[in-house]
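Asks: Can you read through this structure? Questions will come right after.
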Protein chains: 2
Amino acid sequence: MTIGRALDTDPIEEARRQWVAHGWGEAADGMAAVTSIARAHQIVLQRIDTVLRPLDLTFARYEILTLLSFTRQGSLPMTKMGALLQVHPTSVTSAVDRLEGQGLVERLPHPSDRRAVLASITSEGRARALAATHALNGQVFEQLGITEHQISQLRTVLRALRANAGDF
Amino acid sequence: MTIGRALDTDPIEEARRQWVAHGWGEAADGMAAVTSIARAHQIVLQRIDTVLRPLDLTFARYEILTLLSFTRQGSLPMTKMGALLQVHPTSVTSAVDRLEGQGLVERLPHPSDRRAVLASITSEGRARALAATHALNGQVFEQLGITEHQISQLRTVLRALRANAGDF
DNA sequence: GCCAAGAACATTGATATCCTAATATCTGTC
DNA sequence: GACAGATATTAGGATATCAATGTTCTTGGC
């Protein structure tokens, strides 16, 4: 389950020291920041997967289910979901394939655009999404192990990074 | 190349509002933080992949190559690399498979432990790692689009999260 | 000291995801 | 009516995880 045993020193700080020692000091902090993001992503995703496994969901499928549950009609065009969740169209297709096979979502023809496909959440899908949200709230989102102030800082800094990348 | 068109509102803030509206205010900030990490990871990884593609490397393989180049002998046991890079043994195996096929790394028997395998960087591997590092430093790590102070905050907060997860 | 039981190391196979590239269909405009 | 653009899908390559396997090492009872 756990990937690596606890190390005596922070491996990212160690890499940063190597950067400085090689004369790449200008990039050292940025390298450490990027590596930290990658590792943090791995950590939280592992926790999420552990919580969602009993519910037969992955994070990608959970996001789609929850997004649909927030809409009035309970349905959205595939492209629209990809734009809101910022994932590739192919990822939406395969995730909806899976959700449809589980009976949590169904594909409907778009009423006015014959190219488009609507993904529509089923009542079973709604129930599953709600159960998953409660589990994730209690076991992951409220248990990050950092202070509220740090969570706030994290959101602010990453919002700047996302805005700079052209997200919104 | 780009995944989604620029949106008028931050989708993560939008999700956070939904959380509050549903009475899940306790978990809203944590949810927003986790989602921000996931999106930030996607953004930086995409940039890294773009820079590394002409060099025929991925980030996973680049990390292994760079780690090996930092050692005295230029070689490490597979397990040791997995521990330092915090990835699964299977990931190390498949990455070294590819690097070996590219002639950037070779497998050697461990001198004292017949179970273990040493991955050893070749001179071509060293050259490739150096070129990749220069490209990443200039085009990614020094161009994150956030201030030095924000980079520092990010490192501090994520170090706390990683420490809490038992990384070191 | 010897040997059996358990642990560690690396690999393979299976499954899921994301990304790229290419394709078929449909829309809307010039 | 032709043609560029949008929509969704398929196919292929890469990575990560889990589960299971075959070796080899290490340790603890005797």
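Asks: Of all residues in region B:117-146, which are under 18 Å from B:Arg72 (Cβ atoms) and surrounded by 13 or more Cβ atoms within 10 Å (Cβ to Cβ)?
Replies: Within region B:117-146, B:Leu118, B:Ala119, B:Ser120, B:Ile121, B:Thr122, B:Gly125, B:Arg126, B:Ala129, B:Leu130 meet the criteria.
Asks: Based on what the data block shows, is B:Thr71 within 9 Å of DNA strand C (Cβ to nearest atom), surrounded by fewer than 16 Cβ atoms within 10 Å (Cβ to Cβ), among the polar types (S, T, N, Q) and within 14 Å of chain A (Cβ to nearest Cβ)?
Replies: no
Asks: Working only within region A:52-78, note down all residues that are of a type in the set (Ser, Thr, Tyr) and within 18 Å of B:Glu14 (Cα to Cα).
Replies: Within region A:52-78, A:Tyr62, A:Thr66, A:Ser69, A:Thr71, A:Ser75 meet the criteria.
Asks: Does region B:13-32 contain any residue that is farther than 30 Å from A:Ala132 by Cα, more than 8 Å from chain A (Cβ to nearest Cβ) and not hydrophobic (A, V, I, L, M, F, W, C)?
Replies: Within region B:13-32 (the criterion being farther than 30 Å from A:Ala132 by Cα, more than 8 Å from chain A (Cβ to nearest Cβ) and not hydrophobic (A, V, I, L, M, F, W, C)), the answer is no, since none of the residues qualifies.
Asks: Taking the residues in region A:75-109 that are within 14 Å of another protein chain (Cβ to nearest Cβ) and assigned to a loop (DSSP other than H, G, I, E, B) as candidates, determine which candidate is farthest from DNA strand C (Cβ to nearest atom).
Replies: A:Gln86
Asks: Quick check: is even one residue across region A:118-125 in contact (Cβ under 8 Å) with a residue 60 or more places away in the chain and away from DNA strand C (no atom under 14 Å from the Cβ)?
Replies: So far as region A:118-125 goes, yes, one or more of its residues are in contact (Cβ under 8 Å) with a residue 60 or more places away in the chain and away from DNA strand C (no atom under 14 Å from the Cβ).
Asks: Of the conditions (1) part of a helix (DSSP H, G or I); (2) within 14 Å of DNA strand D (Cβ to nearest atom); (3) out of contact with any Phe, Trp or Tyr (no Cβ under 8 Å at 6 or more places or on another chain); (4) at pLDDT 90 or above, A:Leu52 satisfies every one except a single condition; which number is it?
Replies: (3)
Asks: Something else now. Search region A:147-168 for residues that are within 7 Å of another protein chain (Cβ to nearest Cβ) and free of Cβ contacts under 8 Å to residues at least 24 places away in the same chain and pair each with any residue that is among the β-branched types (Val, Ile, Thr) and part of a helix (DSSP H, G or I) when their beta-carbon atoms are under 6 Å apart and the residues are at least 6 apart or on different chains.
Replies: Taking only residues 6 or more apart or on different chains, the pairs are A:Gln150/B:Val157; A:Gln153/B:Val157; A:Leu154/B:Val157; A:Ala165/B:Ile43.
Asks: Here are A:Thr66, A:Thr79: which of them is in contact (Cβ under 8 Å) with a residue 40 or more places away in the chain and not assigned by TED's automatic domain parsing to the domain that holds A:Ile37?
Replies: Answer to the selection: A:Thr66.
Asks: Is it the case that B:Ala38 is within 11 Å of DNA strand C (Cβ to nearest atom), under 22 Å from A:Leu158 (Cβ atoms), surrounded by 18 or more Cβ atoms within 10 Å (Cβ to Cβ) and at the interface with another protein chain (Cβ under 9 Å from one of its Cβ atoms)?
Replies: So B:Ala38 passes the test.
Asks: What residue, among those in region B:47-68 that are under 28 Å from B:Gly166 (Cβ atoms) and hydroxyl-bearing (Ser, Thr, Tyr), is farthest from DNA strand C (Cβ to nearest atom)?
Replies: So, considering only residues that are under 28 Å from B:Gly166 (Cβ atoms) and hydroxyl-bearing (Ser, Thr, Tyr), the one farthest from DNA strand C (Cβ to nearest atom) is B:Thr66.
Asks: Could you go through region B:26-44 and let me know if any residue there is of a type in the set (D, E, K, R), outside any helix (DSSP H, G or I) and over 20 Å from A:Asn164 (Cβ atoms).
Replies: Within region B:26-44 (the criterion being of a type in the set (D, E, K, R), outside any helix (DSSP H, G or I) and over 20 Å from A:Asn164 (Cβ atoms)), the answer is no, since none of the residues qualifies.
The values are calculated or read from the model by the stated rules, or taken from the named source; none is laboratory data. Source: prediction; values computed, not measured. Here Cβ is always computed from backbone atoms with ideal geometry, including for glycine, and neighbour counts include all displayed protein chains.
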